[in-house]
Every structure is written in structure tokens, then in C-alpha cells.
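> Sharing a structure with you now.
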Amino acid sequence: MPATFTRHTVETERKDPGFGGKPPLDRRPTGGGGGDENWDSSNSRRHGPRELLIRYRMAVLSGLAGDLVFFAVLVSAFFVRQSAIHIDATDNVISDWHPLAAPPILWINTAILLLSTLTMETARRQLFHEIDIMEEWLGLGRPAVRRAAPWLIATIVLGGLFLTGQWIAWQQLAQQGFFFSSNPNSHFFYLVTGTHGVHLLIGIAALVFALIAMFRFKRVELRQIAVDCTAWYWHAMGLFWIFLFILLVYFQ
Amino acid sequence: MTTPPLTAKPRRLFTTNPLALARLYLFLALIAVVLGTLLSLLMRLHRTWPNLAVPIHGAIRPEDYLALVTMHATLMVFFVLTVVPQSAFPNLVLHAQIGASRMAFPRLNAAAFWITTASLVVLLAAFFVPEGAPIAGWTAYPPLSALAAAGPGQGLGTDLWLLAIALFCLAAVASSLNLLATILTRRCPGMNFTRLPLTVWSWLVSSSLTVIAFTALFAAASMLLADRHCGTSFFLPPGTVMNGIPQRDGTGSPMLWLHLFWFFGHPEVYIAILPGMGLASSLLANFTRRPVPAYRLMVIATLLIGFLGLGVWGHHMFVSGMNPYAGTAFGFTTIAISVPSSAEILTWLVMLFRGRLRLATPMLFTLGFISFFIAGGLTGPILAQPALDAYLHNTFFVVAHFHLVMAMAGVFSLFAGIYYWYPLLTGRLMNEALGKIHFWISLIAAYGAFFPMHFAGLAGEPRHYAQLTGPVEYFANLIPVERGITWSAFLLAAAQLIFLFNFFRSATHGASTRPNPWQATTLEWSPIAHPAVTNGPYVYGPKAGPQARPQEDFLPQWEPEKPF
């Protein structure tokens, strides 16, 4: 296992008194502007078996922060548009925002997505079950993968069900005569559900990838990363959906 | 130093080597900057001699002029002022400056380059489609950008433009995720946050801004594409009439686009300039042989600029029909952001005061950067007043402001970086004499080109007008000023030929250099592959040298700290 138990020698070297002794470590000047505190004194987490995992997590979470901005833009545009008024020729203040009754199937979809979050989390935890992972690392079979696979497959199925449910919701709206281009409210309904759906499609692709990765990747660490990052992405999509769902149902 | 020749092809086309990627990014930006400059020269020619026919193209029609404006701005803002400081330079030095052997995600990083390339190809394709390039400006305000009937180039040309922008957003975010993860997780032992060079702090902030701002632009571009092709009307207002023909009746508001676009657009200028500010601090420390006197203040100022930069976008919209109270609030935040900016400038001036100046070419360009940053920055608080902006908006005063503070300051810091880091690119130094000639001509010509625009703007000269004379003669007495600007612009462009000659010739004929030619302290010059850091980034000063060489005036970060 690479670089797992190696401690970097800098800190210990500096304790060497040399000649005449040195002041205590914490009182040493840091150079530059003479800052006196070490903002990152405990950086041991960055070196060790989880180093790679933490790096990937960092990137996924930063990306999700960006994604949050994407949905925040849509939501703020929704509110701006909702409160927009204009004044007609006879000086009447007019709002052309017509509330849209969200199809009830959204409730079922939401329940399905929440359930899929649970299955996903269960799968993720299997990959971090210490005894199983130790066995995998020693090459004594793959108990963690064996246990996680059904949960991952369940997540894929539930994700597919959610998307099917969203499609049915679109069909129901279309039957009532509301299309993407019908009115300001339907613009947003389709845009929000559509972009979230695209995100979930990417999520399902990632799930399939993680499933394959669990069986194909030789390093335990990489299997963990594949599942872990997919899980965080999936959780974020679940969380985003709850907010979007509340927006679409209650803030009409 | 074993650096492969500048024009050597990378061993694999889809290379993940950061040095090779830095060169590819620089060549990409070079294509963009040459094209962008040529477009701007065409604009200048047309403004000064409206009837002059361009050799291949023929006479420039008004719509051609607007296409020139649009494409010039898009090329320069995205493919030069964003790509070089935010992609080329980090690939060249970022991982080295924090002592990492490689990036956190080399393949993601490489993918970002190829998506950027695809974006440039799509953008340039807009020149060759029927009706030509878009004419709605780089800000692409609806309804002009939402309807194909708005003019030539607003059909397929605008679609390509939007696609290019969307691709660029993806590339910028991917590249920034790599930078963020690299800075946060790949620092070498001992490289804690108080020992990061200020360039790295800048990249930390500008990468965070990129992730936020470019995602917002991506969302806005998606909505505009839906408006154009899916029959929605997020941005399309009711009752639009174009060329006397009533258009599709929308229910949306162009203001929404303005808000979304500038929520991207203003952080974007900080994305472009923050790395330059970090570089200026580093180079000033090096070429004045003094430490940065207020390292933590500089870090806090950088963070504050990034944070406040997210809340000032409305100052682009004072006269766009925004609520006046909102205008006051945005004016206030805009004034507030000049406080951390001034803190940085004053720190630089302190470093110059009684510093032991070494006026090498990188230092000259850094001084030029500071000069432009101050000259352009001083008009910022003026334009931040909603009342003053009501008069100055859309005049050449604004053109002068952002060309000095963003374009010239940005480009001069890019030159400083290229002259400074050239040995890392090629193993050789650029020619000093040519560099100095390049600097002085550029400095004078740049002021000559952009400073008089203040006066033209105060006289009321509007932006985006293809011609000043014609049936009306309001601006006839500004023609001499225009002519002077044009000559300066040509001089400025000509000076860049010196740079290009120097850049390519020095790659093979430049003076070979020692491993650390500028006697710098930061880790990109380290001869050690896996350094461990025990001191701050800017330890300069008499007798600061390491124990083995106490007569030297700098202590590199890769050398162990001196005992007391």
C-alpha cells in the first residue's frame, strides 16, 4: 500500500536542536509577513490511505458547489419572473403568472428518490466496512463488493423509476395542454425538472460506472472512490430535488 | 535544465504533462490574441476612415463593425484574459509552486484544454457561416440575441457563439476543479497556508469564482438557447418589433438576462485580474529584494476582492431599468471593493518605496501593470456612482476604463509572467534589450490608445457606433482624437511584433540560464524534485541567504531555515 505509513520527516527534523538549541516550534517565525499561527498544523490527513479519496471527494464537492449555483440561478430566475409585473395601456398592474398544479405523481417520485438515497448510502457504507475492506485488501475475496452490488443495482432501478415518473408527470402536464413553451410557469417547470433529470441521467451513468468499477478495479482504494463519489453526487441530487420539489409544489 | 524546445510536439497529442499543456494553452491564446488584435485594428480603421475598403472583405458595413466588436471582445475576454492567467500559467507553475509533483487530476486538466480548443473552433466558425458572426456584443443582450430576425449573424452565428460559450464554461469549471483540488490536497510537507505564494492564493480565489460564475453563465446560456429554439421566453419581452415587423410575443424580461450575465461577468474580471495581482506581489518582492510587508493583509484583500466581487454585478445595469434603490446598493458594494484593491496597491507602492529596484523586463511590465491598474482603477469609483454613470454609461469613458484596468493591466501582467517564467518554458532567457523596447513602446502606445478615450467619452462619444460622421456631425470635432487613438493602436500592435520575434527567437537563440535566474524564492525554480518547506514564500533582504551562502539576499523555500 503506497505512502500509507510514511511520515514526512520535516517536523521531526526541526526538533533537532543543532547548535545552541532552537526556540520551541510554535514560536518560530513563519516568514513572509511574519504570520504567527499555523493555519494547517494538522495536515496528516492529507498523507495516508485516504489521501486519494479525499482528493476526489474535494473535487466532487467543489463541482457540486458549482452545480448548486446552477440550480440557484434557475430558482432565483423563477422568483424574479414570478414577481414580475407589467403595466398595460390602461395603467393596470398585471401579473401574467398563472399557478401550475404540479402533477401529484411528483410526490411518489420524491419518495422514490429519497428511498434511492438510502440504498445508495447503504451501498457506500458497505465499501467502508473495515473488516470487509481488510479482507479485500488482503485478497481474501470481495465481501464488501458482494454486499454493495445489490444496493447499487437497487439505486439504479430506483433512479430509473424516478426518471420514468418524471416523464409521466410531463405527459400528464402535456395532456392538460402545458408544454415547455406554453407560459412562464411551464417554462420553469420543464426547465427545472429537465435539467435535474439530465443530472440524474449523469448520476445513473456514474452508478453503472461504479458498479463496473467495483468488479474491475484492482485497487480497493479506487473501488471505494468510485462508489463514494457517486454516492455524494447522488445525495446532492436528492437534496437539490427536495428544494426544487418544494419550489414547484408550494411556491406557485 | 532539460526543457524540450518550445515548438516541440508533445510526445502524445493528448498529453497530461502540465508543461506541454501550458505551451498548448499559450499557443491557443496566441491565436486568439492575434485575431482579436487584428479585429480591433479593423475597428479603428473603420472609425477613422469610414470609406476605406478592407483588401479581401471590401467596405465595412455597420453590421460588420458590430460583429468585429462582438468577436474582438469574446476572443480577448475568454481566450486571452481568462485562458492565460487561469489556465496557461497555473499549468506552468502552480503545482511546482506548492511542491507537488503533478496536478490532482491530470486527465481532467487535459480534457479542459481540448474542450477550450473546441470552443475556440466553434466560435471562429461563426465567421464562416451564412450571414456571418453575431452582432449582439459579448454581453449578448436580449431581445437582440434571442431572435434570429434581429440582424445578420443573429441566426446561426449566435447559436455557434452560445455553443462556444457553453463549452468554454465546462472547460473553465473542469480546469478550476483541478486547480482547487491541487491547491487544497497536493501541497508538499510544510507548505501550509501561510507559506503559499500569493499567486497560489490568487488562483485559489479565482478558481472558486470560476466555479461559481461560469456555472451561472452556463445556466443563462442554456435558457437563452431554449428561448431561441424551444419556444420559451425567459428573456424575450412582449411586443418586440424588429425592422417594422412584429416578432414572437414573449412574456419574459431582458433584465433577467442582464442580472444572470453580469453575475457571471463581473466576477469574470476578477478571475482575469487576480492572478495578475498575485504575480505583481511576487515579482515586486523579487525585483525589489524585499519581503511582501503585509502578507496576511494581501491574502485577506485577495479573499475580500473575491467575496465582494460576487456582489457588485448590478453596477453594469444602472441605466438598464433596474430599481434605483438596487442601484444605490450596488454602487455601495462597488465602492467597498475599492478598499481591498487599494490595500493591495498601497502595499505595492510601499514595496517600491526605498526598494532595491532591479529594472529587468518582468519588473518593468509589473510596474506597467500597476500603472494601468491605478489609472484605470481610479475611474472605477466614478462609474460606480449611479448618477454619474447615467451620463457616462455606453460612452467611450467606459471603454477607456475597462481597457486600462482589465485589458492593459491584464495583458501587461501576462507579459510580466511570460518574461519571468520564460526559462521554465524553454530553459533560456528572453532578450532583455528587445524586452525593454517592447515595454516602452507598449506603455506609451497603450496610454496613447486608451487614455484619450476618457475625453472622447466625456464629450459624449457613444460605444458601438460604427461611424461618427455621416448625416449628423455632432462628433466631427472628435475626429482628430480618433485619429490619434488609431495611430497609437497601430503602434501598440506593431510593438507586439517585437515581442513575438523575441519570444520565438529566444527559444532557440536566447541566453542559456542558470537554474534560478531571477534569484527567486518560490518553488517553481526549485532544483529539488520533492521539496519540503520550512519558511515563507518571500524571504528577501540583506543576509537572508541560507546557512551555506549567508552573503546572498534571499532564502529559497526549498532551503532549510537558518538556525538562530
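> Which value, in nm² and rounded to one decimal, describes the direction-averaged projected area of the C-alpha convex hull of segment A:52-250?
12.2 nm²
> Evaluate the distance, in nm, between pseudo-label points positioned 7 Å from the Cα of A:TRP97 and of B:ARG549 along their respective Cα→Cβ axes.
6.8 nm
> Here is a further query. Once Lys and Arg get +1 and Asp and Glu get -1 on their Cβ, which of A:SER95, A:GLN172, A:HIS196 lies farthest toward the positive end of the dipole of segment A:52-250?
So the residue furthest toward the plus end is A:HIS196.
> Please compute the contact order of segment A:52-250 in relative form: average sequence separation of alpha-carbon pairs under 8 Å and at least six residues apart, divided by the residue count, as a percent.
31 percent
> Quick check: Cα centre of segment B:359-405 to Cα centre of segment B:251-317, how many Å?
Each part reduced to its Cα centre gives a spacing of 14 Å.
> Here is a further query. So if we plug the beta-carbon distance of B:TYR325 and A:TYR250 into 1/(1 + (r/R0)^6) with R0 = 22 Å, what FRET efficiency do we get, rounded to 0.05?
Efficiency at R0 = 22 Å is approximately 0.15.
> Another question, if that's okay. Calculate the FRET efficiency for B:LEU497 and B:LEU378 from the Cβ-Cβ distance with a Förster distance of 35 Å, rounded to the nearest 0.05.
0.65
> Nearest 20 debye, what's the magnitude of the dipole of the protein assembly as shown about its Cα centre given +1 on Lys and Arg Cβ and -1 on Asp and Glu Cβ?
2740 debye
> Under the rule a/c < 1.5 gives rounded, and otherwise a/b versus b/c splits prolate from oblate, where does segment B:238-349 land using the Cα gyration tensor?
Prolate, since a/c reaches 1.5 and a/b exceeds b/c.
> In Å, what Rg and Dmax follow from the Cα atoms of segment B:1-105?
Values for segment B:1-105 (Cα only, Rg and Dmax): 18.7, 58 Å.
> Excluding B:PHE504 itself, what net charge comes from residues whose Cβ is under 14 Å from its Cβ, given Lys and Arg +1 and Asp and Glu -1?
Once all neighbours under 14 Å are counted, the net charge is +3.
> Something else now. Restricting things to alpha carbons, tell me how big segment B:504-563 is in terms of Rg and Dmax, in Å.
13.4, 45
> For B:ILE437 and B:ALA59, calculate 0.36 nm times their separation in residues minus their Cα-Cα distance, and state this gained length in nm to one decimal.
Details: separation 378, 0.36 × 378 = 136.08 nm, distance 3.52 nm.
Extra length from B:ILE437 to B:ALA59 when fully extended: 132.6 nm.
> Any idea what log10 I(q)/I(0) is at q = 0.13, 0.23 Å⁻¹ for segment B:346-424, Debye with uniform C-alpha scatterers and no solvent?
Treating every Cα as an identical point scatterer, log10 I(q)/I(0) equals -0.50, -1.01.
> What whole-number distance in Å separates the alpha-carbon centres of segment B:50-111 and segment B:183-237?
17 Å
> Further, regarding this structure: For segment A:96-159 and segment B:438-501, what is the centre-to-centre distance using only Cα atoms, to the nearest Å?
62 Å
> Related question: Taking loop as defined by DSSP and a crowding limit of 10 other beta carbons within 10 Å, which chymotrypsin sites (Phe, Trp or Tyr not before Pro) in segment B:91-197 fit?
B:PHE128
> Dipole magnitude of chain B about its Cα centre, charges +1 at Lys/Arg Cβ and -1 at Asp/Glu Cβ only, in debye to the nearest 20?
Using Cβ point charges on Lys, Arg, Asp and Glu, chain B gives about 1840 debye.
> Please quote Rg/Rh for chain B to two decimal places, taking the Kirkwood radius as Rh and restricting both calculations to Cα atoms.
So for chain B, dividing Rg by the Kirkwood Rh gives 0.97.
> Then there is this: How big is the dipole moment of segment A:52-250 about its Cα centre under a simple scheme where the beta carbon of each Lys and Arg is +1, that of each Asp and Glu is -1, and everything else is neutral? Debye, nearest 20, please. Could the numbers behind the result be given before it?
Details: 12 positive and 11 negative charges, 169 e Å.
Dipole magnitude for segment A:52-250 comes out near 820 debye.
> Taking every pair of alpha-carbon atoms in the protein assembly as shown, give the share separated by more than 51 Å as a whole percent.
20 percent
> Then there is this: Report the local net charge at B:PHE490: Lys and Arg +1, Asp and Glu -1, summed over other residues whose C-beta lies under 12 Å from its C-beta.
Net charge in that neighbourhood comes out at +2.
> While we're looking at this one, here's another question. Placing +1 on the Cβ of each Lys and Arg and -1 on the Cβ of each Asp and Glu in chain B, which of B:PRO324, B:PHE365, B:ASN17 has its Cα farthest towards the positive end of the resulting dipole?
About the Cα centre, the residue reaching furthest to the positive side is B:ASN17.
> Defining a contact as two alpha carbons under 8 Å apart and six or more residues distant in sequence, what relative contact order in percent does chain B show?
15 percent
> Using +1 at the C-beta of Lys and Arg and -1 at the C-beta of Asp and Glu, which of A:GLY160, A:VAL249, A:LEU211 has the Cα lying farthest in the positive direction of the dipole of segment A:52-250?
A:LEU211
Read the figures in this text as sums done on the coordinates, not as results from a lab. Not measured: the values here are computed from a predicted model. Ideal geometry is used to build each Cβ from the backbone, glycine not excepted, and the neighbour counts take in all protein chains shown.
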